[in-house]
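Asks: Below: one structure in structure tokens.
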Amino acid sequence: MTRQSSQGSAPAWRLYLVGGAVRDRLMGRPPGDRDWVAVGARAEDLAREGYVPVGRDFPVFLHPQTREEVALARTERKTARGYHGFEFQADPSVTLEDDLKRRDLTINAIAQDEDGSLIDPCGGQADLQAKTLRHVSPAFAEDPVRILRLARFAARWPDFSVADETLALCRDMVQAGEVDALVAERVWQELSRGLMEAQPSRMFELLRACGALQRLLPEVDRLWGVPQPAEHHPEIDTGVHLMMVLDATAQVNAPLAVRFAALCHDLGKGNTPSAQWPRHIGHEGRSVQLLQALCQRWRVPQECRELAEVVAREHGHVHASLGFSAAATVRLLDRLDAWRRADRLPLILQACACDARGRLGRQGDGYPQAQRLQQAHAAGLALDTAAVAQAASADGLRGPAIGQRIHQARVQALLDLGWS
């Protein structure tokens, strides 16, 4: 992939495969998107060959056939705090090694030539062999998003460790206030991706270890050290329980909304006065208030926020529902908005099941509450509510009274199934 420069006698420019595609191949994993870097080229060189410019902050192009991203080799210099505080240099004088040395982790700073040869100036292959996440250079500290990316990679590869000096650098970045300059869109992007990794607890444990969790998610950070009743939570510590619940969502390959609901379901326990420990009466309502503020701060999508609110408010009732009467069961399904949002009920039950299993010695337990509530829900949905409403109207009922008649019909449907 060698091309002639637009400068006539200037040396040809070359394309190199870089980043995750090279790393994943060396790890024996299916590669994701392939990214390329053009060395020795100017923007006009790529434009002349049909590459389509798409970058706003620095020159990035789409390959005219494959549509893969190609960036000009560049260096960067920190000019202000935060993610956008950089000045870039992208011209033919920037070497491949210059470009690789500005990257975040050594395992992401390996390039591959067109003949398959590897260029590895930062020792990325050795760190892959040692299963170590290590920053390339002190320039890591210039971009606070890299703390979140590091935490996400730790969640993706549970058998990798973080180099001591890299964790120390992250602590220095937090103390310097770098994470306080992060923008909501990037925080949510990395948090949501980390929640979807193989062991999401590692992301939050690393963020906590360097102090970033207290800055970004203080509602989550304060859960460590908060005790719970041992008869329900053998693991005692609320933070430990939360991490077990998150990993339980990963084990069942739960979607993002369920994993986010798991993250937020017990936030209110962090606000329980210590004199009331280990009981947490009323924590459900406090959890809803805290997660609403969290969602506003990081612009969490509505689908995730709404599910998290329902799970935070009702998970205790779902756990207790095996002993509910027909009337109490229908009231619970009413509060879950299960009749109008039938598609959401399985997600609520999945989050609650993961909460129940996120406890020492309970990881393999069944969750019969889900089957019982699904049975009740199916019975209620099978009702011809239009006919019930029509009969109620014929009896002279109006508005809420018709709704109450439908509610009673659902209760009767459960009584017919043997509910008490």
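Read-outs: derived from the displayed coordinates by stated rules, not from any lab. Quick caveat: nothing in here was measured; it's all calculated off a predicted structure. Ideal geometry is used to build each Cβ from the backbone, glycine not excepted, and the neighbour counts take in all protein chains shown.
Asks: To the nearest 10 degrees, how steeply does helix 400-416 sit against the main Cα axis of the chain, on a 0 to 90 scale?
Replies: Helix 400-416 and the main axis of the chain meet at about 80 degrees.
Asks: Further, regarding this structure: With point charges of +1 on the Cβ of Lys and Arg and -1 on the Cβ of Asp and Glu, referenced to the Cα centre of the chain, which listed residue (GLN371, MET173, LEU415) lies farthest in the positive direction of the dipole?
Replies: LEU415
Asks: Among all cysteines in the chain, which have no other cysteine Cβ under 4.7 Å from their own Cβ?
Replies: Flagged as lacking a Cys partner: CYS122, CYS264, CYS295, CYS304, CYS352, CYS354.
Asks: What's the local net charge at GLY239, with K and R +1, D and E -1, over the other residues with C-beta under 12 Å away?
Replies: After counting each charged neighbour, the total is -3.
Asks: Let me ask you something else. Hey, got the dipole for the chain? About the Cα centre, +1 on K and R Cβ, -1 on D and E Cβ, debye to the nearest 20?
Replies: 980 debye
Asks: Same structure again: Can you work out D for the stretch 143-209 in µm² s⁻¹ from Stokes-Einstein, where Rh is the Kirkwood radius over C-alpha pairs, the temperature is 10 °C and the viscosity is 1.306 mPa s?
Replies: Taking Rh from Cα pairs, D becomes 134 µm²/s.
Asks: Given the -39500 (n - 2.57) contribution per DSSP H run of 4+ residues, what per-residue ellipticity at 222 nm results for the chain, rounded to the nearest 500 deg cm²/dmol? Numbers along the way, then the final one.
Replies: Working: 19 runs with 202 residues, N = 420.
Calculated mean residue ellipticity at 222 nm is -14500 deg cm²/dmol.
Asks: Taking amide H atoms as placed 1.01 Å from N in the peptide plane, list the residues 5 or more away in sequence, or in a different chain, whose amide H sits under 5 Å from that of VAL60.
Replies: Residues meeting the criterion, in which the H sits 1.01 Å from N, are VAL54, GLY55.
Asks: If you don't mind, another one. Just the ratio, please: alpha-carbon radius of gyration of the stretch 183-307 over 2.2 N^0.38 Å, N its number of residues.
Replies: Details: Rg = 13.8 Å, N = 125, 2.2 N^0.38 = 13.8 Å.
Output field value: 1.00.
Asks: Which longest run of the chain has no exposed loop site in it, a site being GluC sites (Glu not before Pro) in a DSSP loop with at most 11 other beta carbons within 10 Å, and the site itself not part of the run? Display every interim value, and only then the final one.
Replies: Values: sites that count: GLU114, GLU231.
Counting only loop sites that pass the neighbour cut-off, the longest clear stretch is 232-420.
Asks: Another one. For the stretch 306-420, divide the Cα radius of gyration by the Kirkwood radius and give the resulting Rg/Rh value with two decimals.
Replies: Result: Rg/Rh = 1.03.
Asks: Through the Karplus equation 6.51 cos²θ - 1.76 cosθ + 1.60, θ set to phi - 60°, convert the phi angles of the stretch 291-298 into ³J(HN,Hα) values in whole Hz; use x for Gly and Pro.
Replies: Result, rounded to whole Hz: 6, 5, 5, 4, 5, 5, 5, 10.
Asks: Still on this structure, I have one more. Filter the trypsin sites (Lys or Arg not before Pro) in the stretch 225-328 to those in DSSP coil with at most 13 other Cβ atoms within 10 Å of their Cβ, and list the result.
Replies: Listed in order of number, the matching sites are ARG279, ARG299.
Asks: Using r as the Cβ-Cβ distance of ARG29 and GLU303, and R0 as 25 Å, what FRET efficiency do you calculate, to the nearest 0.05?
Replies: Efficiency for this residue pair is about 0.30.
Asks: Tell me, rounded to the nearest percent, the portion of alpha carbon pairs in the stretch 306-361 spaced more than 16 Å apart.
Replies: Looking at the stretch 306-361, the distances longer than 16 Å represent 40 percent of pairs.
Asks: What are the ³J(HN,Hα) values, in whole Hz, obtained from phi via the Karplus relation 6.51 cos²θ - 1.76 cosθ + 1.60 with θ = phi - 60°, for each residue of the stretch 237-250 in sequence order, with x given for Gly and Pro?
Replies: Going residue by residue, I get 5, 5, x, 4, 4, 4, 5, 5, 5, 4, 5, 5, 5, 5 Hz, with x marking Gly and Pro.
Asks: May I ask what percent, to the nearest 5, of DSSP beta bridges between residues of the chain are antiparallel? Before the final figure, lay out each step's value.
Replies: Values: 22 of 28 bridges.
So the antiparallel bridges in the chain amount to around 80 percent.
Asks: I would also like to ask the following. Under 16 Å from a point 7 Å along the Cα-to-Cβ line of ALA209: which residues of the stretch 174-202 have their amide N that close?
Replies: Flagged as within label range: 174, 199-202.
Asks: Relative to the first principal axis of the alpha-carbon coordinates of the chain, what is the inclination of helix 184-195, with its axis defined by its Cα atoms, in degrees from 0 to 90 and to the nearest 10?
Replies: That works out to roughly 70 degrees.
Asks: Can you give the alpha-carbon Rg of the stretch 178-221 over 2.2 N^0.38 Å, where N counts its residues?
Replies: 1.09
Asks: Return, for the Cα atoms of the chain, the radius of gyration and Dmax in Å, separated by a comma.
Replies: When restricted to the Cα atoms of the chain, Rg and Dmax are 27.0, 93 Å.
Asks: If you don't mind, there's one more thing I want to ask. Provide the convex hull volume over Cα atoms per residue for the stretch 11-165, in Å³.
Replies: Measuring per residue, one finds 120 Å³ for the Cα hull of the stretch 11-165.
Asks: Please report the relative contact order for the stretch 207-290, taking Cα pairs under 8 Å with a sequence separation of at least 6, and give it as a percent rounded to a whole number. Spell out each step's value before the answer.
Replies: Values: 97 pairs, mean separation 22.5, N = 84.
Relative contact order comes out at 27 percent.
Asks: State to the nearest 20 debye the size of the charge dipole of the stretch 239-320 about its Cα centre, where the only charges are +1 on K and R beta carbons and -1 on D and E beta carbons.
Replies: Details: 8 positive and 7 negative charges, 49 e Å.
For the stretch 239-320, the charge dipole is close to 240 debye.
Asks: How far is helix 368-381 tilted off the main Cα axis of the chain, in degrees rounded to 10, range 0 to 90?
Replies: Helix 368-381 sits at roughly 70 degrees to that axis.
Asks: Starting at the first residue of the stretch 330-344, write each ³J(HN,Hα) from the Karplus equation 6.51 cos²θ - 1.76 cosθ + 1.60 with θ = phi - 60°, in whole Hz, x for Gly and Pro.
Replies: Listing the rounded values in order: 5, 4, 5, 5, 4, 5, 6, 6, 6, 6, 7, 10, 4, 5, 8 Hz.
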